[in-house]
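Heads up, the thing below is written out as structure tokens.
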Amino acid sequence: MRVIGVDPGLRHTGWGVVEFKHNKVFHIEDGSISPSTKLDDGQRLLEIKNQLLKIINQYNPNMSVIEKIFVGSGSISSLKLGMARGASMIALAEAGLSVNELSPKFVKKTVTGYGNASKEQIVSMIEKLLNIVPKNEDSSDALAIAISSQHTSYNNNFSLSNESNGFNEAIAKALLKEENK
């Protein structure tokens, strides 16, 4: 199973592709899409969509996961994040992928064990899990999103361990319950 994770943003949209084989996760590629700030918002969104489509076509994922919006205090920045997220979702859907969503807290908890982990903690865990240095923080987040997809109800066909004692299923259920809080 090959998964693309997307961490949307108007300035930087991170992406990461991982593959799950034989109960192991492998890094395929990661990067970010950073449209010129000289472009108007419409052109920047179009560039995000078009570049993400090229990436999807190049790496041919079977599944996509995108981060849900965390709405902070800045309404303009939340709106722009939502626009970048929409452009990314259109690219994923246009490529024929279902668009699965995960909350930032769920991703952090899945990858680090702590729902309020820092960017540095995410990068550190991605380096350990994939034995690579991510291109940047945005692609590190996208890789974390892709890895977290394996702990969700829409993808029950995989566990990161060979154990058959139900432990992984219990973790996945606990994480989903935590996400819904």
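Points worth noting:
- Nitroxide proxy distance, nm - points 7 Å out along Cα→Cβ at residue 124 and residue 2: 3.3
- In a simple Cβ point-charge model (Lys, Arg +1; Asp, Glu -1; nothing else charged), the range 1-67 has a dipole of about 160 debye relative to its Cα centre.
Here, each number is a calculation from the coordinates, and none is a lab measurement. Everything numeric here is computed off the predicted structure, so don't read it as measured data. Note that we place each Cβ from the backbone using ideal geometry, even for glycine, and neighbour counts take in every protein chain shown.
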